[in-house]
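Comments concern the structure below.
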Amino acid sequence: MFSSAFALSLVLLAFSSNLAKAIKKEKRNPQTLSRGWGDDITWVQTYEEGLYNAKKSNKPLMVIHHLEECQYCQALKKAFSENSEAQELAQEKFIMLNLMHETTDKNLAPDGQYVPRIMFIDPSLTVRADITGRYSNRLYTYEPQDISLLIENMKKALRLVQTEL
């Protein structure tokens, strides 16, 4: 009786040891505020922090709404993170926020709550409804092939800050 219990204990110990090693081998990247959109970009944590920093720095706030399980978001994220011009603009000229949940500001969902959705807020805390993507049914969405339009809209947001404020 004792020997069979001892043998069973050894088998369970060996199994759990191998399971622990397998779990440790699974490498996970540390979760950062960039969530894969650009690790060299300084990201704010909350919408309120983004508004405060936009006003204080006189830079536009770029808000990216997305979900991890959304294939369209993942494709846009890949295009954005691999585009050096988009990364440089975001890094140097914008306050950046990416959200995986909705804010309480209804101005950030004028045509619905869908993802991906990218909106710009100027330093006067005005949501720029005049900076949109190319789709009439989802005004603020972009696809990977729209990255040049997104860059142009980023530049437009910067021009509006200089000319209107």
Given (1) small (Gly, Ala, Ser); (2) over 20 Å from Gln71 (Cα atoms); (3) in a loop (DSSP other than H, G, I, E, B), index of the condition Ala90 fails: (3)
Failed item in (1) in contact with a Ser or Thr (Cβ under 8 Å, 6 or more places away or on another chain); (2) among the charged types (D, E, K, R); (3) farther than 25 Å from Tyr52 by Cβ, with Glu68 passing the rest: (1)
Residues that are in contact with a helix residue (DSSP H, G or I) (Cβ under 7 Å, 6 or more places away or on another chain), without any contact (Cβ under 8 Å) to a residue 60 or more places away in the chain and not hydrophobic (A, V, I, L, M, F, W, C), drawn from the range 109-127: Pro116
Single condition Gly112 does not satisfy, out of (1) on the phi > 0 side of the Ramachandran plot; (2) open to solvent by 30 Å² or more (accessible area, probe 1.4 Å): (2)
Some residue of the range 147-165 being touching a residue at least 40 places away in the same chain (Cβ under 8 Å), open to solvent by 30 Å² or more (accessible area, probe 1.4 Å), touching a helix residue (DSSP H, G or I) at 6+ places or on another chain (Cβ under 8 Å) and within 22 Å of Thr42 (Cα to Cα): yes
The lone exception for Ser136 - which of (1) more than 11 Å from the chain's Cα centre (by Cα); (2) at pLDDT 95 or above it fails: (2)
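Residue by residue, here is whether (1) touching a Leu at 6+ places or on another chain (Cβ under 8 Å); (2) part of a helix (DSSP H, G or I) holds:
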site: Ala54; (1), (2): yes, yes
site: Ala75; (1), (2): no, yes
site: Asn107; (1), (2): no, yes
site: Gly112; (1), (2): no, no
site: Met119; (1), (2): yes, no
site: Leu125; (1), (2): yes, no
site: Tyr135; (1), (2): no, no
site: Gln145; (1), (2): no, yes
site: Val161; (1), (2): no, yes
Failed criterion for Lys56 (all others in (1) in contact (Cβ under 8 Å) with a residue 40 or more places away in the chain; (2) more than 20 Å from Thr132 (Cα to Cα) hold): (1)
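To keep it simple, each residue is scored yes or no on (1) more than 22 Å from Thr163 (Cβ to Cβ); (2) surrounded by 13 or more Cβ atoms within 10 Å (Cβ to Cβ); (3) under 17 Å from the mean Cα position of the chain (by Cα); (4) at pLDDT 95 or above.
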site: Glu68; (1), (2), (3), (4): yes, no, yes, no
site: Cys73; (1), (2), (3), (4): yes, yes, yes, yes
site: Phe80; (1), (2), (3), (4): yes, yes, yes, yes
site: Phe94; (1), (2), (3), (4): no, yes, yes, yes
site: Met100; (1), (2), (3), (4): yes, yes, yes, no
site: Phe120; (1), (2), (3), (4): no, yes, yes, yes
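The values are calculated or read from the model by the stated rules, or taken from the named source; none is laboratory data. Owing to the predicted nature of the structure, the values given are computational and were not obtained by experimental measurement. Cβ sites come from the backbone with ideal geometry, for glycine too, and all protein chains shown count toward neighbours. To get the accessible areas, we keep the full protein, side chains included, count just its heavy atoms, and leave off ligands, DNA and RNA. Shrake-Rupley method; radii C 1.70, N 1.55, O 1.52, S 1.80 Å.
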